[in-house]
Structures are given as structure tokens and as C-alpha cells.
1. Quick one: N123 ticks every box in (1) open to solvent by 40 Å² or more (accessible area, probe 1.4 Å); (2) in contact (Cβ under 8 Å) with a residue 60 or more places away in the chain except a single one, so which number is it?
2. Quick one: C851 ticks every box in (1) of a type outside the set (K, R); (2) closer than 14 Å to Q833 by Cα; (3) out of contact with any Gly (no Cβ under 7 Å at 6 or more places or on another chain) bar one, so which box is it?
3. For the range 847-861, give me each residue that is within 17 Å of E830 (Cα to Cα) and out of contact with any Ser or Thr (no Cβ under 6 Å at 6 or more places or on another chain).
4. In the range 229-252, which residue that is of a type in the set (S, T, Y) and open to solvent by less than 10 Å² (accessible area, probe 1.4 Å) is nearest to S284 (Cα to Cα)?
5. Which members of the range 378-406 meet the condition of being surrounded by 18 or more Cβ atoms within 10 Å (Cβ to Cβ) and more than 25 Å from the chain's Cα centre (by Cα)?
6. Scan E209, E260 and give me the residue that is more than 19 Å from S53 (Cβ to Cβ), open to solvent by 70 Å² or more (accessible area, probe 1.4 Å) and acidic (D, E).
7. Sort out which residues of the range 938-981 are free of Cβ contacts under 8 Å to residues at least 24 places away in the same chain and outside any loop (DSSP other than H, G, I, E, B), and write them in order of number.
8. Anything in the range 891-914 that is surrounded by 15 or more Cβ atoms within 10 Å (Cβ to Cβ) and not hydrophobic (A, V, I, L, M, F, W, C)? List them, or say none.
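The values are calculated or read from the model by the stated rules, or taken from the named source; none is laboratory data. Here the structure is a predicted model, which is why all the values come from computation and not from measurement. Note: ideal-geometry Cβ built from the backbone for every residue, glycine included; neighbour counts use all protein chains shown. Just the protein is used for accessible areas: all its heavy atoms, side chains included, with ligands, DNA and RNA removed. Shrake-Rupley method; radii C 1.70, N 1.55, O 1.52, S 1.80 Å.
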Amino acid sequence: MFGNLFEQEEDEGLSLNNPKRRNAKQENEPPPPRGRSNLCGIKNQGGTCYLNSLLQTLLFTPEFREELFRLGPDELGCLEDKDKPEAKVRVIPLELQRVFARLLLVDQQSASTADLTDSFGWNSSEGTNQHDVQELNRILFSALENSLVGTSGSSFIHRLYHGTIVNSIVCKECGNVSQRQEDFLDLTVCVCGVSSLEEALWNMFVEEELFEGNNLYRCAQCDRLVTAAKSAKLQKLPPFMTMSLLRFSFDFTKFERYKETGRYSFPFTINLRPFCEQAGGEDSDFMYELFSVIIHKGGCYGGHYHVYIKDIDQLGKWEPPEEDVKPKTQKKEKAKESCEEELQEDDPLSVLTAIIAQEASQSVLLDQLGQQLMNKIGSSWNKKFRKQYGPIGKFLQSHNDTFMLVSNGTRVALKKNPPSPNSPAEQNHNSDPSASPDSEGSEHQPEANQQSQPKTEGSHWFDLNDSTVTSIREADIEKQFQGKESAYMLFYRKTQLLRPKEALNNPQYNVPPYLIQMAQEENLRLQKQREEFEASNNTVELHLHLTHCYKLKNGALQKISKELDRNTTLSFDRRKTVGDLRSTIYQMQEWWEGDMALTVAKCLPAGLHLYNNLTDDTVSLYSAGVHSNTDLFVWNGREVFGATVQAGAEWEPVLLTVVRPFLGDDVQLEVECGANCEKSEGAFENGAPGLKREAIGFAGGATLGEVREALGEPKESLLCQEHKGGKGMAQGPGEGGGGSGWRVFPPDDMQRTLKELSLKDGDSLLVLEPQSFDNSVFTRNGDVVTVTTPSDCRWLLVEFQPQSKGGDVDPQEERRIAKVPATGSMLLSEVKQRALEELQLQEQLSGAQCCLRQVDCTGKLLPPVCEELSVRDAGVRLMTTLALCPGNSPKASQLFLHFTVGGPPSAGMEMDIIVEKTSTVKECLRMMLDAVGLDGTCWHLRRLDWCEEVGEPLMDEDMSLSDLKINNGETLVVTEGLLPPKGFLKLSVWLCANLKSMEVDFKSPTEGKRDKVGLLEKGDVQLPGCSDDGAEFRSVGQVEISDEATVDDLKTQVMTLPALLDVCIPSTGFLRVWQLEGRRLARILKGNQATLRKLKVCSGADLCVQNLLKEEDLGPKQLLLNVKVGIPGERWYYPAEELVWDASHDSSPRSLRTCLAAHFGLSPDSLLLAKHQPEKHTWEEISNWTQQVSKKRKKKKAESLLGAPFYLKDGDTIGIKNLLVDNNRDFVTAEDEQGQQRIREQAEHHQKGGQAAASDRAKPRKPELPLSISVGVFR
């Protein structure tokens, strides 16, 4: 009907079945049992929520269900024979019977409809296509009727749902009545334009449609066009009335579908007598009650279906919704806690413990814990506890002594109250599988909860949303009258249809025995699967470490030998007790004598460490916190080979790398860099006399002094920790050629433990005796020890890069590389000399200068290094590459600089120069000019900014390069032009020439024609002193003036410009100066004695001067406004006038109104003011009564026009309407309307372009596929 109704909100519709939103299940995990409602849901195949909602409605229509169950195999056939060629097996009703039987009798949370949809002839992809439930209702009934042809149930759908409507047309002249009957299985009622179901039925069956005027009816008896009345009535009422609401309509203006979301009410009981043709009989013959509401959530292109159903046969266990029972629960808890400790709502540990403890299973689903917390204390975890305790998951992990995760991490339980092997769920599994779920449902709830629940009698409502079933109240249905989630189909049943007592609370009522047997077999199979899953899910792998295989060494248990390594892996049920585990180990170790202690251990880098003992034999492994892959140490609990073992986290051993000096000469070692050798248990770094390293473990609770004693070192020995960065420390090997740095532990640290010193596995500890400083390997400076070993004597690669005549590297010349042995203290001049000898370049470079240059990661050459410095002092890292290039190397007192002329540097166009650091900017500039052969004094130097563009000039030419912090390798730009004096501004000046154009006409004195660049665009701010047509400007030159000069000084200097000598300007008071910003007149420079710095005039600014007819000296708060008075009776204004408004004392609308009234000689109360918005071509009316309240003083203050929303400034246009002679309060002119039309056209064009682009980017919708059900031929 409406095709795919799910696409836009597919995630919303399938949220409950989306595997990404659930914890991943194990492969063989059986389906969970029914929930607390004892009703079964239906699995969503991807897009079959419409099918699930309709099937649940038909299931909870007892008369439909029983009619279907009356058809036996003798009429329908057997599913086992469906593949036989000549067998007539009616597959659809058989599969529907099985689905209903599973929903009624099989103990599972949700049933599958895969076999049913297969019988429809749907393929695997059809389950993901979404369709309309109203369309499915008609197609499914038609398929069932065709499937049941020739059986006793061929007419049961007709008996239950068939009704007739009689359409009548009555001739108003002769009274002839023409009637036509119409059959229906469901009524389609209108939603658009009506507010309730009763109103829609009234319009359908009570209101008459008249044929009159141009729409006449041809009467068969009169044989001509006559006036007539058409009406419809219900002639035959079915036992079940289905109402399909036309929620979806089509907008012929926008050519798109839309959903009616307005309020549309419907009654719980309805009397159809007013809508029937035969109104005789009792009211009970016309009374219907609502029992099912299919709800659609979403729009016309996407959404989700679920259904509210009234449980007629009371098959489910209804419980009040949580929000309804919350007050009662709180009262019960208060009574219960009268003799217990009061719950501390500010303590999350207490709150979570109470929540889990009150559950029957002593555990809570992890994803429901947050909601239960909100129900408990009325606030969420994020609002109340997250800031102090972090996320709730992290809090549970940090309190693993109280909480533990079970069921593959999906539930959280208390360690002291774990789920026992005989949990309520397992008791349900051990019950008689042949019993119905109704009889088993009592075991889903503890007795305490059953006693506390109110007795619920009669039928109740449930929300069946795919696999989820929840209890709702009848009042919740009214929430579906309107909105995005609203009712879509209504199902009514006659109130005369009463159910027998045998059917109440009996899901097996009228179910065929063979279907009951099928359900019992499935329950047995599910029970067996759950038992096997529970057994496998609770089996943990334990690693047993036996005491005779270990010895205590340096605070950790070490394996004696690999031959005695008899660690045993044991598979054990964690639901069993510690005593059971101990007995099992006794049986495994027949030779064991005496007591046996089991201690949780952990394999650390230093060895095996013990933590807590399992002492309570009555506690299960689950409660003791024993999980899979736990290490257990089996011993006597006192000692290991006579040594006492310290257990606990504070004694965790730390594996340290003990470093000692090795200065012996009796060991033959390889001299080549990087070779290692071993002596006893240590390794000598680089294979040369230097340092010996050995990994040794120590107890974390041991003090540093005890570690020194364990190493056999005297008290005078120093212990040092390796430095891993910081100021003043030597660089590591290979990073500048220095030795490694170590920090000496102060004497106070000898009494601190390794844990307190934050020493971790892998940290190095250097042990030095006082005589170690007698050699050159170890040097001490305060609390820092520098170790310089042969590992620091490494090498440098020197690559010869000859250059062509153009200065680039010659690609045809073969590059040669030499590996030069180097140390951090070797001079770079010596490195260069060795490289020349190694590369045999003495003759080739005879008389030519060459230098060493570093190379960055991109291959770019860095500035030459100073050859007077050592490798370490020059910052050259060992084991890196240096380039040997032509050129001089700078001395320690010199700088190597790049420079270009005229603009930013480009590839290959930079030039190099070496200057003294003490040289001034002027001297450096002269050297650069001489290097490129330029003369003259009109040059200056500029730096490059961060984006490699020409930046600020070097203003002080007498300062040295070092004072300006110019670094080695920096690039300077030689720029043409003299530097302006310090503090001087260079300003461009324009003159208002005539009143013809809104565009500013820039005319250079050297140009013969005008060049309009559009500084002021049409519709911008009206230029002062000009007509409505605007103004035209021309350039008059530039001025250079100090920023300490006043506005009066600026006017005086402007008057001396050659272009203004012919202009009559009596004094500076007859000149007005505007500043231009963003191609607009921005502000007037006010106050003749105000300095340009105070007015924040910057160098390079554009100024516009205007010749006045009278002197002017505006103050800071005086505004120059253009005032237009409206012409009475016309949509136009008189020519604009300039008005100076003093807003220094009062900037309110009343002050402006008074000023304008005094200027024009009008009454202030008769004036209506508005400010013109030229960008929008609109007028903003200025009201005199707008006031605002100060929040601090609670005092009303008048609105200021200088602030929001008007922001009056110089040059703004104010419109005036005199209401005494002009009743038109609209300020908009014809020109404004044209401007607004242009803006709208531009907006529409932009919107169309945006919609076209959005449509190109929009997700393509799936094609709408027809819904069909394939039925065999049974006639």
C-alpha cells in the first residue's frame, strides 16, 4: 500500500534486535526462557515487525486461534509429506498452527517465524523488506481462505470478520431508492480533518452527500438528472471489527507523502447502533470493546510496528509498571529497613548493593543497572556519582571484592550472594517440561515478590514489541492518539463474545494433542540445552602450581628447574565449593601429606607471587572470585622449603635491571660496535669494558637499603636510577654524543620501599662503589652521575654532494659516503678532515672551501655546522648523516643566513651569506646588497612570517642581529622602499567628488580615466551629505603622519595635498574625515584634539574626506544621522537631511524623538520612527516604550539605541512618519520591495541548489516491492 515504511528509521525499529546493541551471544547459547509476563514474543527477521504485530493480534483473538486449531491433519495434511508430488498439504495453516502452539506452550523468550515465511514463498531477503500491516492483513486472510478451500474451516474468516455496507441513493423528486451492497473484512476510516473515530464513522454512515447544482444524479425512474442524496449504512456487523486508519496521505502541492500525526482519539467501547441500517434490537448487539491496537512509530518512509493487546484469556502475568509501583516499593523498603541500617543514597556502594540484593536471582543485567539505580534514588549515575567515581563500569571493577560479573559479563552479582547451582532459572529448567508455561510461570518470581504483588483480576494490557513483552496500563493507550508514534490499526470484538472459565489461565485450552506433544518435546530439548550450556559456561580452567617445584628467591617464587615444572591444568565447575576443589586436588596428588592451602597467585616478570588464601571451604569458586585461567599455588600455607612467603599486593615483586661497572681486562671482547657478550648472568654493553647488566627480582615491600644488602654492597655504595629526560641531564647515546645520565638516590630514600619509590618492572638500578669515580667512565656532578662508556664512541656518515654551476646538487656526479668514527667530544673539523681522507678528496678540493651540513628528514640541507665546536656542543647526533658541500663554515661568532630580493623565497632562488652576530641590520643589508650587486639606499630588510610569507620589517636598523634574536639558518627578504619612521602611519585619502553613483570611483592622479572598483555597493550605507542617488569619490593621494598626531593635524596635512589645492576649504573645521572599512563608510574621526592612536587608526587605512558648508566638531557620543521624512499618502520620502544627535546624556528612543521633533517643529507624540536596514531592504520600527530590566538591581532602565537591537552609528538612515497627516505606518518603499524580491530570488536559487546537492547526497531508498503470499491450488 505504502511500500517500505521503515527505511528512514530502521535503526529505531530494529533497536531491540540489533546485534550491535546487545552483548554478543555464544554460538551454542540456548534461547532464554520466558520473562516475568509469561508471554512469548516473536523474533524480528530484520524487517518483519509488521508481521509480528499482526500474528500476536490473531493469537490473542481466541476465536480465531481455536478455529484454526480445530483443523486436524486429516484435513490439512502433514508437513512431512509436503515434498511428495501428489500430496495436498496445506502448508500455511499448518505452519501458523505451529507458531501459535510455540507462542502458547514453549518456554522461550521469543519464537521464530522463519518456517512460516518460508511457507509464504518468501526468500531470505524478503524478511528484511518492510511492508504495510494493513496490506498484510488483507493478503494473509486471502491466503488462508485459498488454503482452506474444501475444508471445514473454509469459511471461518468470513464468519469472524465479514461485514456488509449498503450504499443508498434516494431521489429527492420521486423518492426512488437505489441500493448496492459492499462486503468488507476491515473498515478504512479517514484521519485527515477529523479528530476521533466516532466523528469519522459519523461522516461515513450518518452524513448524506447531496447531488445538486452541476453535480446531479440520473434517476432510473425519472429518466433524467435530478437532485439526490447518497448515504451508507452498516448492514451486517461481524463479531470482530477491524479499523484501518488512513494515517498516510499524499501532498499534491509538494508531491510527497506525509503522515498525519494530529490527535485522533478512539473509544475503548463503542456502540455502532447509530451507523447501522437496522437499529432494532438490544444495545449489546451493537457494543464492541477494543482489544488490540497496532502502533506505527516513524514517518511515511520508515518506522517500526508494535502492538498493545488485551489478554482476554488471562494467559500472561500482569505486573504494574515500574513507575506505578515505585511509591509502594519505597514504603515497603522503609518498613523493611526499620530494623536494618538506613540506605545511604550518597554512597554508591550501598545503593548498588541494595539493588542487587533485592533481586530474586541476586544479580542484575548490566545494561539495566543504571535504570534501576534511577528508580531507586531518583537520579542517574552520570548526574550523581560520575564526577566523583567515574563510569559505573569502572566503579564495579574497582570494587571487585564486592561485585563480580557473571553470565559472560552480561550480569553483575554480589560475591557474598552468588547465584547458586539451584537458581530459580534452573529450578524452572528442572520442572516438568510437559507443563505449560502458565504453570511454570510461578517459578519465575520469588515468593516474596509474589506475596508483595497486588492481586490482579480480569484482563490486562501488554505491549508486544517483537521479542519484548511488557505490562502496560489502559491509560497508556491514550498516549497513542497522536504524534510520531500513534495508532495505525484498531481491533474491536463484540462484548457478547464471552470466554468459558476453562479457557482462563489455560494456554493448552483447545490445542490439539499432537501440538502439545510437540511443545513438550521442544521444552525437553531446551531444558537439556540450557543444562549443558550452564555446565559448559561455568567450567573454568585452573592452573595449579605445586610447592615442591618452586623456591623463594629475591621476594618471588622461582621455578627450581624445567624438569620439575609440573604445573597442572584442571577443568572445574565454579559452582562447586572450595572444599570440593581441595578434595579433587587431594585425589590428584596421592603423595600429599599434611595440610593443603590453596592461594590465588599470579605470574609476574619477577616470578610467581601469592595473593589471597581460599580458606572458606563452604564458599563456591564463583563467590571466591576464581575465574578461568586463575593460577592457584598448592602448599602448606606456611613456608616453601623453609622460607616464609609474603603474600598480598603490597609485596608484589619488581624485576629490576641491576647495572654494575665492569672494568676488567681479562675478558676477550669484540671491539666492534654493538657486539654483546655474557659473563655469569649479566651482559656487558657493547662488549667492551663498561657496564654489566643483570635482571634481579625484589619484593615490592623491601626498602632500598634492604635491596643494597641483598646485592652484597657496602653502605658506602651509591644506588642510582636511570634518568629518562629532564633539564641539565646528559643526552642518551646517539643523541649528541653524550653519556647516559643517572640520578643518585638520597640517603632518606634508603628507608623507602620499592613501591613507594614507584619503581616498576624493567627499571634500571646502577650500583657504584666510591672508587668507581677514579676512572673516566663515571663522573659525578651533584646528584647526577654521567656514564661515558665505549657505547658512546660511535660514528658519523659523511656524504659528498658536489654542486653544479647553478648551485644545485649535480645528479650526474656519483655520491660518495664515508663512515667516520666519532665521539661526542671530537671536533667537527677533525670529522671533516677524516672524511676528506676517507673519500680521497684532497686533490679534487685543493684550494676550495667545503663545509659540513646536517640533513633533515626530507633531505633538505640545513645550515653549515661550526667546525670549531665538538660533535656534542654542535648538537650533532651520532649515527646520523652529514653532507660535505662546497662553501665556508661559520665560526662560533657568526651566523649563516639565507636571503632573497623582492619577495618570498622560491625553490633554488635563495642566496647565502655569513655575517657576524654583532653586525647591525644596516650592515647586514649592505653586505646582502653588495653580494647581489645592488646600489642605493631605498632598501630595507623584512623577516618571513610563520606561513613563509614576507612579514614585518626590521624597524631598528641600528640593532644587532643577536639582539633581534635572528637565528642561524633564518631567511631575510631584501625589500625595496624606505622604512617609515617609527610610529608613523601611511594613509590613503579619498575625496567625495559628486552625487551621482553609489559606487566609489577611485581615480589615481596619474590615471586619465576613472576606475570604479565598487568600494560602496548599491544598497549600502547612504553617504552623508549626498542625495539619494549616492556619491562618487576620487583618490587625492597618501599622507604619512605620526600616530601621536591629532585629527586636526591630519586635516591640516590633508589640505596640503596637491589634489586639494583647488578646493576651497577655509579651515580644518570645514572638513569631515571618514574611515573606510570593508568597502563601507564605517565611522567619523571625531574630536579634533583626539590622537590617531587613541582612535585606533592603523597604517594602511583608507580615509574619505568631505568638504562641509559649515564648521563641525563632533563629540565622541554625537551621531551624524540621515533623516528622511515620509511624504503623506505616498510610499516615498523627502530628500534626506543631516542631523547631529547628542547621545552622551540620553541615548533612549525618547531622546532621539525629542531631538527630531525640535528639528522639524513637530509634536514628539505624533512621530513614528524606524531605522533602515539597507542589507535587507527593511525598516525596523523604534518604539518609545521598550524597556529592559536589570537583573542585578531589579530596576527598569530605558533602552539605549546605541546597543541591541538597533546599534545606531554614524551614517544610519532614520525614517520619520508624522501620524497627524499620514496614516500609513509602513516605511517600505517600492525600491525596498524590489530589493526584497531580489533577496528572495537569490535565496530560492540557493535553496534549490542546496536541495539538488542534498538530493545527490541523500541515501537512495530501496525500491518498493509488492507484498504477496504464494498459495497452492486446493480446489
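1. The number of the failed condition is (2).
2. All conditions are met except number (3).
3. Going residue by residue through the range 847-861, those that are within 17 Å of E830 (Cα to Cα) are 849-854.
Hits for the range 847-861 are Q849, C850, L852, R853, Q854.
4. Residues of the range 229-252 of a type in the set (S, T, Y): 231, 242, 244, 249.
Among the residues that remain, those that are also open to solvent by less than 10 Å² (accessible area, probe 1.4 Å) are: 242, 244.
Values: T242: 18, S244: 23 Å.
Only one residue tops the list, namely T242.
5. Answer for the range 378-406, where residues must be surrounded by 18 or more Cβ atoms within 10 Å (Cβ to Cβ) and more than 25 Å from the chain's Cα centre (by Cα): F403, M404, V406.
6. Details: E260 fails: open to solvent by 70 Å² or more (accessible area, probe 1.4 Å).
It is E209.
7. The answer is G951, E952.
8. Q894, H898, T900, P904, P905, D912
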